[in-house]
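The structure's right below; bear with me while I get my questions together.
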Amino acid sequence: MESAININIKSIQHIGIPVTDIAVSASFYSKLGFTKAMEAPFQLNGETGICIMMQRDEMMMELYQMPASLLPEIRSRNNGHIDHIAFDVADIDEVYAIVKQGGFNIIEHEPVFLPEFWKNGCKYFNITGPDGEKLEFNQVL
């Protein structure tokens, strides 16, 4: 393995997710406790897209909707998407119950236990967002 270059990376600054309906996605992340920290248009090839930064505590999600002419490309692409974003939680069973009551699309029927991960294992489950992005909730035991 190559040695790392000497730069000071402190944490993830934000996760960028291309979305097809910015209002639907902002509403989805609001339901998860994120609030709008910033909204701004951007120009691409003479057309306007929109970016919303959603924040919860120190976590930042960048939701961006490309200009209308590029949306078919975003909807049809099968690469370049983030597989999942994992959120660290203190009590996976409590979070599962809350998310289930919230009406989210949960992939697993219950939190999954992985005994070989970390010292004492971990438990996780995933939900899907409006554009198929997976959001993982994970508790290291």
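Just so it is clear, none of the values below were taken in a lab; they were calculated from the coordinates. Every value quoted in this text rests on a predicted model; they were computed, and no experiment measured them. Virtual Cβ from ideal backbone geometry, glycine too; neighbours counted across all protein chains shown.
With r as the distance between the Cβ atoms of L141 and I107 and R0 = 22 Å, compute the FRET efficiency 1/(1 + (r/R0)^6) and round to 0.05.
In this case the efficiency is close to 0.60.
Would you mind computing Rg(Cα) / (2.2 N^0.38 Å) for region 11-78, counting N as its residues?
1.12
Then there is this: With everything on Cα atoms, drop me the angle between helix 92-101 and the longest principal axis of the chain, reported from 0 to 90° to the nearest 10.
50
Could I ask something else about it? Under the 0.36 nm per residue contour assumption, what length would be gained going from the current alpha-carbon distance of I15 and W118 to full extension?
Difference between extended and current length: 34.7 nm.
Hey, another quick one. Setting aside same-chain residues fewer than 8 positions from K36, which lysines have a Cα under 25 Å from its Cα?
K10, K100, K134
Give me the percent relative contact order of the chain, please, defined on Cα pairs under 8 angstrom at least 6 residues apart.
Relative contact order here is 20 percent.
What FRET efficiency comes out for the pair A68/Q43, r = Cβ-Cβ distance, R0 = 22 Å, nearest 0.05?
Here the calculated transfer efficiency is 0.95.
Working from the pairwise distances between different alpha carbons, so that the mean of 1/r is found and then inverted, what is region 83-141's Kirkwood radius in Å?
So the Kirkwood estimate lands at 11.6 Å.
Relative to the present Cα-Cα distance, how much length would full extension add between K100 and V24 at 0.36 nm per residue of separation?
Extra length from K100 to V24 when fully extended: 25.5 nm.
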